[in-house]
């Protein structure tokens with residue numbers, strides 16, 4: 001069982017690593033957005049639709065709501081980042097000392113997040129299938145790549161934190 005201080009520090013660290021990992025992931029998504037627009041970045045497209053629906057905003061394709069897109073993008077990334085140190089501590093304690101294994105676990109975490117949080121919801125939210133997308137398979141690959149980058153950064157940062165504070 002984690003002490004209250006350890007739990008609080010994991011929450012703070014999770015918040016920070018989630019924010020940093022999401023920022024790095026966002027940087028990897030910018031080229032897709034510049035090349036294919038909003039439909040080329042699955043998460044951004046979903047967040048745009050969610051923002052429009054929640055705040056009853058006009059449905060104009062040229063009016064991108066970046067505040068809503070990035071609010072939900074960072075909210076999701078931070079929440080998943082908060083969960084990661086706890087998951088490592090409770091289920092993968094033996095990996096804490098291994099840089100390579102934490103990078104691998106982070107990569108797997110990014111892949112799992114993509115599979116369980118994006119693949120099943122993209123079409124219901126946006127109307128576009130991630131695997132039969134009008135822009136082809138490149139947006140799915142870009143989205144998956146972004147999630148893997150997110151996971152690698154999480155793994156690196158959790159290793160750095162946990163190896164320094166064990």
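The values are calculated or read from the model by the stated rules, or taken from the named source; none is laboratory data. Because the structure is a prediction, the values reported are computed rather than measured. Every residue, glycine among them, receives a Cβ derived from its backbone with ideal geometry; neighbour counts consider all protein chains shown.
Exactly one residue out of 118, 95, 57 is under 17 Å from the mean Cα position of the chain (by Cα) and at pLDDT below 90: that is 118. Of everything in region 109-134, what is assigned to a loop (DSSP other than H, G, I, E, B) and either touching a strand residue (DSSP E or B) at 6+ places or on another chain (Cβ under 7 Å) or closer than 20 Å to residue 26 by Cα (or both)? Give them in sequence order. Passing the criteria: only 130. Would it be correct to say that residue 64 is at pLDDT below 95, in a loop (DSSP other than H, G, I, E, B) and either at negative phi or out of contact with any strand residue (DSSP E or B) (no Cβ under 9 Å at 6 or more places or on another chain) (or both)? Judged against the criteria, residue 64 is a match. Please determine whether any residue of region 54-61 is in a helix (DSSP H, G or I) and either in contact with a strand residue (DSSP E or B) (Cβ under 8 Å, 6 or more places away or on another chain) or closer than 25 Å to residue 151 by Cβ (or both). No, every residue in region 54-61 fails to be in a helix (DSSP H, G or I) and either in contact with a strand residue (DSSP E or B) (Cβ under 8 Å, 6 or more places away or on another chain) or closer than 25 Å to residue 151 by Cβ (or both). Considering 141, 92, 72, 86, the condition of being touching a helix residue (DSSP H, G or I) at 6+ places or on another chain (Cβ under 7 Å) and without any contact (Cβ under 8 Å) to a residue 24 or more places away in the chain is satisfied by 92 alone.
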